[in-house]
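So the structure is just underneath, and the comments pick up after that.
The values are calculated or read from the model by the stated rules, or taken from the named source; none is laboratory data. Predicted model only: the values in this text are computed from it and were never measured. Glycine gets a Cβ as well: all are built from the backbone with ideal geometry, and neighbour counts include every protein chain shown. These accessible areas exclude ligands, DNA and RNA; they are computed on the full protein's heavy atoms, side chains included. Shrake-Rupley method; radii C 1.70, N 1.55, O 1.52, S 1.80 Å.
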Amino acid sequence: MDISEPLLRSAAANFPANAKPNLIVGDLNRIRDYGQSYDIVICVSGLHHIVELESVLKFVHDVLAESGEFWSIGEAIGRNGNRLWARDYEVANTFFRELPDRLRQNRISGNVDDNLPDTLDGQVYARQCAEPARHAPCIFEYVYLARPDSMIEDVSVYKARLRMGEKLAAKILRLRPDHGIDAVIPIPDTSRTAASSLAQALGVPMREGFVKNRYIGRTFIMPGQSERVKSVRRKLNAIGLEFRKKNVLLVDDSIVRGTTSKQIIQMAREAGAKSVYFASAAPPVRHPNIYGIDMPAAAELVAHGHSEAEIEKLLGADWLVYQDLDDLVAAVAEGNDNLVEFDTSCFSGEYVTGVEATYLDQLEFARSDEAKSRRRQPG
């Protein structure tokens, strides 16, 4: 089980001759019994994408052969791997205790466990199957994906974002010491932390200029450009008095497709802003992520193949400023001296495991809006 269709196909093609892989492409949250049994079910960094965890674990139980095994494998590069949080453990353990003893025997201790084998005395237990060549956590976790109250690699996400704001403010002061900004306005919600420290460093008030509709999800993963454009207007409402006749600096955690940013800049102008500046707490996203984040195809990224001046024009901003990659890395690494490398592939195009161009071409095809639209068609 994996979230990458191209990777599934690549793995199936490289199985030894005596193995018979069965490739099924579908939604893990809607997986069903296809009437076959398996000697091994392998889940590669997929559990943290599953909503209906009980259903998937029941499926695994139902399709395993009498002496079958379930392998859950996580990686040291990229996202969280198969890390279950406290509430998820409760759900998983409720199901786990219903399994027969043979499936609950711990291969390390030899005992029959009442809880999942990777929870011993309240501690996370893991068995390393291979020596990692490089330890490179995904830096995009700190920028956007993680909650601000998270601790990743002993680094506070909240403090890392505060430092991102401080470093971005220092860049603004270098480039435009007489910036003339009247108010710093965060794009809800992820950018609030960075915007607060940025505003403080600039000596400018931070104001809440947008009210968020809590019932609209993250727009950058929505299928189809038209749906994303409509959702931005449904997702945010501008507070006119915070924009009227002001030079405002809008702050977002990152700019992916640019759909949200372009619409928000237009909304600020409609609300009466005199000038609209835009700041990204992350560098330009120019490349797809291949380690667990379903980012758009490269051609759909607004920064792909464009200079910052061109992006500024495409978004309709009076001025656009991005975080420098070195400053982003420094902002995160400051929290843990042992962190010497990050996966920054979506910004730099440098993949820590290496990647073949053919794989990126396959990914481009699979992740494009056109391909996703075809998969949604009935039949």
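Things worth noting here:
- Computed with a 1.4 Å probe over protein heavy atoms only, the accessible area of GLU310 comes to about 90 Å².
- Overall Cα dimensions of segment 277-343, principal axis frame, Å, largest first: 40, 27, 14
- List TRP71, TRP319, ordered by accessible area with a 1.4 Å probe, largest first: TRP71, TRP319
- With all protein chains in place and ligands, DNA and RNA left out, the 1.4 Å accessible area ranks LEU314, LEU325 as LEU314, LEU325, largest first.
- Given R0 = 51 Å, the distance between the Cβ atoms of GLN200 and ALA13 translates into a calculated FRET efficiency of 0.40.
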